[in-house]
1. Within region 135-142, identify whether any single residue is open to solvent by 20 Å² or more (accessible area, probe 1.4 Å), over 26 Å from Val251 (Cβ atoms), of a type outside the set (Ser, Thr, Tyr) and free of Cβ contacts under 8 Å to residues at least 24 places away in the same chain, and answer yes or no.
2. Looking at this structure, is Tyr18 open to solvent by 20 Å² or more (accessible area, probe 1.4 Å), under 30 Å from Ser389 (Cβ atoms), among the aromatic types (Phe, Trp, Tyr) and touching a residue at least 40 places away in the same chain (Cβ under 8 Å)?
3. How many residues does region 202-212 hold that are over 16 Å from Pro262 (Cα atoms) and within 24 Å of the chain's Cα centre (by Cα)?
4. Do you know which residues across region 367-408 are open to solvent by 50 Å² or more (accessible area, probe 1.4 Å) and over 15 Å from Val62 (Cβ atoms)?
5. Among (1) part of a loop (DSSP other than H, G, I, E, B); (2) within 20 Å of the chain's Cα centre (by Cα); (3) at pLDDT 95 or above, which single condition is Thr123 missing?
6. Restricted to region 109-120, and to residues that are over 20 Å from Pro10 (Cβ atoms) and part of a strand (DSSP E or B), which residue is least open to solvent (accessible area, probe 1.4 Å)?
7. Scan region 372-388 and tell me whether some residue there is farther than 20 Å from Trp71 by Cα and at pLDDT 95 or above.
8. Among the residues of region 280-299, is there at least one that is basic (Lys, Arg) and loosely packed, with under 14 Cβ neighbours inside 10 Å?
Amino acid sequence: MRYLEGPFAPVTEEVTAYDLPVTGRIPAELNGRYLRNGPNALGVEDPVVHIWGMGQGMVHGVRLRDGQAEWYRNRFVRTPGFAPMVHVIEHAQRTFALAEGGLPPAELDEELNTVGGCELGGTAEGFTAGAHSKHDPLTGELHSLSYMVGHDLVQYIVTDAGGSVVQTTAIPLTRTPFMHDFALTENHVVLWDTPLGFDGFDCRWLPEHPTRVGVMPRTGGDVRWLEIDPIHVSHTLNAYDDGDSVVVDLVTAEGPFDPADPGAIRPMLDRWTIAPDKIHQRRVDDRPQDFPRVNEARATRPHRYGYSAATALYGIPFVPEGMPPDDAFTNALVKHDLERGTAEVHGFGRDEAVGEAVFAAAGEGEDEGYLLTYVHDPLRNASDLVILSAQDFTGEPVARVHLPVRVPLGLHGNWLPDH
């Protein structure tokens with residue numbers, strides 16, 4: 001079971017370390033916390049049937065201030081049952097760990113200790129904020145698409161900047177979907193109803209189920225469904241309105257998708273233009289990549305740049321343009337210029353392991369800022385927080401903050417700047 005070994009292997013202890021050593025220079029304008037959540041699967045009784053993504057949530061964080069790395073902490077999310085293990089966000093000046101499938105969020109304090117379970121985005125029907133809840137940077141609202149196993153519907157939930165639910169829309173479906181992510185524009189919600197869904201409590205690929213793309217006004221109302229050839233949708237980079245069409249950049253893969261072996265697919269970056277009566281699908285980059293992110297200031301609006309990762313989850317060589325296959329990277333970060341149709345690649349060593357990178361803004365320009373990610377350093381058997389300049393993407397890291405322990409490959413996180 002490779003999802004319990006190597007870069008995926010769980011860690012057993014909670015660690016606190018202060019005044020972390022740094023190679024390079026931490027930009028003085030980065031004041032805040034870089035946090036990332038993920039499953040830390042301890043005590044697995046039968047590794048053969050273990051599913052990566054299941055396990056107790058553990059949040060890893062580094063505190064940056066005034067050019068210093070003040071601390072590193074890793075903390076289990078301590079709630080009953082399966083603790084939220086997918087994402088960690090800030091909303092209404094509070095920090096939350098998020099999950100999906102009906103698991104409620106948990107609130108964390110500034111030092112990543114669990115305050116307790118909470119009802120962020122909670123509705124009368126028992127739905128709460130989902131794993132890929134999205135902020136609108138102009139309104140301050142948090143938008144969620146939430147599903148619960150056993151319910152043949154999803155709920156679209158809007159939480160205002162103060163943390164109160166102000167809108168709930170039920171969207172009926174034919175069974176419980178595995179709706180891990182969705183897309184949000186200034187005026188629309190876009191959702192994917194794919195063959196991946198629940199047969200009872202068993203999540204699997206149901207080939208008889210059609211693949212549909214739904215577009216709904218953010219104000220609620222009817223969903224306009226368009227059917228396409230079967231496909232698996234992994235994650236959304238960003239989306240925006242363009243006249244009477246919606247443009248979505250997203251990561252897709254050919255099915256079937258097996259939740260027990262998520263690394264068996266080949267995810268690629270696509271652009272979908274959803275017109276009123278059809279969907280134009282265009283391949284942006286056919287090299288294996290996932291975990292796409294955007295400068296969150298551009299969320300729901302037109303964007304030029306996007307960032308993705310080639311990771312050990314898939315282990316497929318990623319070959320930069322103009323380089324021979326022997327120089328391919330199995331761990332790399334990619335900066336896409338979607339206006340020019342070009343891509344820059346920042347590769348890491350073959351035995352290093354890189355995860356999702358998040359954008360930390362340092363100015364008004366769309367790529368004026370830094371990319372932050374955890375990278376496993378095999379020479380130390382520990383991880384570094386790597387900071388790259390978005391405008392010098394292929395150059396040497398601006399800084400490497402050396403952590404005392406390894407951070408397992410996980411899921412999603414955010415840069416939470418000081419207010």
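The values are calculated or read from the model by the stated rules, or taken from the named source; none is laboratory data. Worth saying up front: this structure is predicted, and the values here are computed from it rather than measured. With ideal geometry, Cβ positions are generated from the backbone for all residues, glycine too; neighbour counts draw on all protein chains shown. Remember, those area values only see protein heavy atoms, side chains included, never the ligands or the DNA or RNA. Shrake-Rupley method; radii C 1.70, N 1.55, O 1.52, S 1.80 Å.
1. There is at least one residue in region 135-142 that is open to solvent by 20 Å² or more (accessible area, probe 1.4 Å), over 26 Å from Val251 (Cβ atoms), of a type outside the set (Ser, Thr, Tyr) and free of Cβ contacts under 8 Å to residues at least 24 places away in the same chain.
2. yes
3. 2
4. Once the filter is applied, which keeps residues that are open to solvent by 50 Å² or more (accessible area, probe 1.4 Å) and over 15 Å from Val62 (Cβ atoms), region 367-408 yields Glu368, Pro378, Leu379, Arg380, Asn381, Gln391, Asp392, Thr394, Glu396.
5. (2)
6. Gly116
7. No.
8. Yes, because at least one residue in region 280-299 is basic (Lys, Arg) and loosely packed, with under 14 Cβ neighbours inside 10 Å.
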